[in-house]
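Read the structure below first, then the notes.
Derivation of every value follows stated rules applied to the coordinates shown; laboratory data play no part. Since we're looking at a predicted model, the values are computed, not measured. Neighbour counts are summed over all protein chains in view; Cβ atoms, including those assigned to glycine, are modelled from backbone coordinates with ideal geometry.
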Amino acid sequence: MDIYWKSISTAVRLLITADADLIEIILLSVEVSLMALTISCLIGLPIGTFLAIQRFPGRAAAISVLNSLMGLPPVVVGLIVYLHLSRSGPFGWLGLLYTPTAMIIAQILLITPIVAALSCQIIEDLQEDYRDLFTSLVVSKPAAVKAYLIDARYSLLTVVLAGFGRAISEVGAVIIVGGNIDHVTRVMTTTIALETSKGELALALALGIILLAMAMLVNFLATWLKQSAKEQAYV
Amino acid sequence: MSDHITPIHLNDISVIRGDRKLIDHVSCTIEGGGITTIMGPNGAGKSLLIRCLHGLTDIDSGTIKFGTSPLNDEIRRRQSMVFQTPTMMRRSVFANLFFAATRHQTADNTHIHDILDQVGLDHLADQSARLLSGGEKQRLALARALITRPDILFLDESTSNLDPASTKIIEDIIINVGRSGTKIIAVTHDIGQAKRLADDVIFLNNGAVCEHSLSSAFFKKPVSLPAQAYLAGELVI
């Protein structure tokens, strides 16, 4: 039990003293995750919406593929991005390997299917609910899409928060494409992996506690949002 | 306005699902003005018939003409429908009405509040529509249908789950709307309600029209055996 108290006191001390390295690591983690999340939402929400409302041959297969992509192994994504960004890869000339941008790209590949698949399901359910009403009111497709997005806002927000939770806790892909370089690509998860391998369990656990706290905060926020929306019957 | 899309001519329409004819070669003419009720036992095809008239379900054969035109978006914009289980958008009472009004260029705050007042919901304008009681939801659905100022209003068992007080509120509104020139086509299996509201009655059984006559004649002396049995309270299977 001693190790837990030691790590908790280390975590508290690092936070209270606003340890520069720790703050840098946390800020980079949040920055990379938020950037990846923003781009994933910009790509995933339109894809999810399109798949939900549009009928075309192969739609069911496309949704099935999207659902499968939700479970993409992060290390495989990391490897694929690595192969594309390495010097001998097709995008090697961009010099992005071992940069935060590479980490963002890897996270986008991991989060976008989650955002797209979950938003597709949410909008499809709402569309089913509104189908007769909208046909009766002769609602145009653009107006219907706008209404779905507005009325599903709380559910979609929980999708966004789930995406953030996935991004902030990701380690496999970012360690491959980021390289865990100090002051450049070192984020919380990769630091935890590194400190553990060095036997610095106190610092690793301290970071783990901070990461856990952030993940729990996001989840609590998602639950609270959904619950309060439900109480007001907006979900 | 109403004259242009009435009378409604149903010519030999059928709806088939698998090997079942849910609507079986129905032909009739529904005149403009007044209240037409569609009656019949469960599964007779009443709701399906008005869904076909409103374009929510495609017919497999036959034709439906509103005046001289087949159903199109322009005609559908001049119709409204209140569903048996109304869908409330995840918005406030006011926003539900506003949404419907904007679709028909009738989005005027005063008009919306007038309609809400008419159905007795103005005091609940800012409340979430999904928190309303069953009766209030039906009244809101009726208000949403009326906000578009329809020429034809379809009502699908719109008071089936309501208590007498809520039913009366809705029936009074329906009567007033009918008097103002809107053609009302209401599905009901409530004989008392049909007697109170109907100018003419279409009686369906097993997807076919058994009888279409004036309300007074229908309730006094129904011609078809299924209608006679139905009105006598017998089980029509």
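Annotations
- Choice from B:ARG78, B:ARG130, B:ARG90 showing the highest fluctuation, given a GNM over chain B with Cα pairs closer than 10 Å: B:ARG90
- B:HIS113/A:ILE39 FRET efficiency (R0 25 Å; Cβ-Cβ; nearest 0.05): 0.05
- Within a Gaussian network of chain B (alpha carbon springs, distance under 10 Å), most fluctuating of B:MET39, B:MET81, B:MET89: B:MET89
- Cross-link pairs exceeding 24 Å between alpha carbons, from the set B:LYS137/B:LYS183; B:LYS65/B:LYS195; B:LYS137/B:LYS168; B:LYS137/B:LYS220; A:LYS146/A:LYS230: B:LYS65/B:LYS195; B:LYS137/B:LYS220.
- Per-residue ellipticity at 222 nm computed for chain B from its helices equals -10000 deg cm²/dmol, with DSSP H segments shorter than 4 residues left out and the rest contributing -39,500 (n - 2.57).
- Taking other C-beta atoms within 10 Å as the exposure proxy, B:TYR230, A:TYR4, A:TYR82 rank A:TYR4, A:TYR82, B:TYR230 from fewest upward.
- Sorted by Cβ density within 10 Å, fewest first, the residues A:MET188, A:MET216: A:MET216, A:MET188
- Comparing A:ALA143, A:ALA202, A:ALA36 in a Gaussian network model of chain A, where Cα atoms under 10 Å apart are tied by springs, the biggest mean-square fluctuation is seen for A:ALA143.
- FRET efficiency, 1/(1 + (r/R0)^6) with R0 35 Å, evaluated for B:LYS21 and B:ASP172 via beta carbons: 0.40
- In this calculation the C-beta distance from A:SER228 to B:ALA229 is compared with R0 = 41 Å, giving a FRET efficiency of 0.15.
- The distance between label points at A:ILE8 and A:ALA20 comes to 3.1 nm (points 7 Å beyond Cα on the Cα→Cβ vector).
- Rounded to whole Å, sorted largest first: equivalent-ellipsoid semi-axes of segment A:9-97, Cα gyration tensor: 35, 21, 13
- Helices in chain A, meaning DSSP H runs of at least 4 residues, each add -39500 (n - 2.57). Divided by all residues, the mean residue ellipticity at 222 nm is -27000 deg cm²/dmol.
- Shielding by other protein chains, B:79-92, mean Cβ within 10 Å: 4
- All Cα pairs of segment A:2-230, percent lying beyond 21 Å: 62 percent
- The distance between label points at B:ASP58 and A:ALA143 comes to 2.4 nm (points 7 Å beyond Cα on the Cα→Cβ vector).
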